[in-house]
Amino acid sequence: MRAGSPRAGEGRILRGLVSTAAARTDEVFAANRARARIELTVAAASGATRRIRVLEQGSLRVRFPHVTGSELEAILVNTAGGMAGGDQFDIDIAAGEGARLLVGTTAAEKIYRSTGPATKVAVRLAASAGATLRWLPQESILFDRACLDRRIDVDLDDGAMLV
C-alpha cells in the first residue's frame with residue numbers, strides 16, 4: 001500500500017458520510033423553502049364589489065387600499081421580498097358574477113438564483129359572467145441563474161372580461 005492512500009474500507013466510509021451529509025443538506029434546504037398561498041374571491045353586492053373569501057398563508061398577503069366605488073382593488077404583497085429556487089407560490093383569484101376587481105402587486109417580483117429546483121408560481125384567474133378582472137402585476141426581475149416555473153390558468157365564463 002502506498003503512503004497516503006486509504007486503507008481498505010476507508011473510502012466506503014468516507015463516501016457514506018458525504019452521501020449522508022448531502023442528504024441532510026437537501027432536507028434542510030427543502031425545509032427552508034417558502035410555501036405561500038393567496039385565495040381571494042369577490043362578488044358584486046349593492047353596486048360594489050366585496051370580499052367573500054380571503055385566505056393568506058406563508059409570506060403572501062393581500063391588502064385593499066381603495067374600497068370605495070364599484071371596483072375593488074387588491075394588492076398582493078410578498079413579505080419575504082423575493083423568491084428563490086424551491087419556493088412555491090399559489091395565487092387563486094375569483095371574481096363572481098358582475099364583480100369588478102383590479103389585482104396588482106406592491107413591487108417588482110424578484111426571482112433569485114437557484115442551484116437546484118425552480119421557483120414555482122401558479123396563478124389561477126377566474127371570472128364569472130359579467131365580471132371584469134384586471135390582472136396587473138408589476139414586472140419580474142430575474143437574477144443571474146434564476147430558474148422559474150410559472151403557470152397561469154385563466155377560466156372565463158361567457159361575458160366575463162380579463163384585462
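Once a ≥ b ≥ c are taken as the square roots of the eigenvalues of the Cα gyration tensor of region 66-128, is the result rounded (a/c under 1.5), prolate (a/b larger than b/c) or oblate (a/b not larger than b/c)? Oblate. Tally Lys/Arg at +1 and Asp/Glu at -1 over every other residue whose Cβ is under 14 Å from the Cβ of GLU56; what's the total? With Lys, Arg at +1 and Asp, Glu at -1, the neighbours total +3.
Sorted by average packing, counted as other Cβ atoms within 10 angstrom per residue and highest first, what order do 130-140, 81-91 take?
On the way: 130-140: 16.1, 81-91: 20.0.
Listed from highest to lowest mean packing, they are 81-91, 130-140.
P(r) for region 43-163, from all Cα pairs and a bin width of 10 Å, is 13, 42, 30, 13, 2, 0 %, short bins first. Apolar share of the accessible surface for region 32-163: 48 percent from carbon plus sulfur atoms, 1.4 Å probe.
Net charge around LEU102, counting only other residues with Cβ within less than 15 Å of its Cβ (Lys, Arg = +1; Asp, Glu = -1)? Before the final figure, lay out each step's value.
Numbers: positive: ARG50, ARG51, ARG63, ARG100, ARG134; negative: GLU71, GLU73.
Here the count lands on +3.
The values are calculated or read from the model by the stated rules, or taken from the named source; none is laboratory data. Keep in mind the model is a prediction, meaning the values are calculated, not measured. Positions of Cβ are generated from backbone atoms using ideal geometry, with glycine treated the same way; all protein chains shown enter the neighbour counts. Note: areas computed on protein heavy atoms with side chains; ligands, DNA, RNA excluded. Shrake-Rupley method; radii C 1.70, N 1.55, O 1.52, S 1.80 Å.
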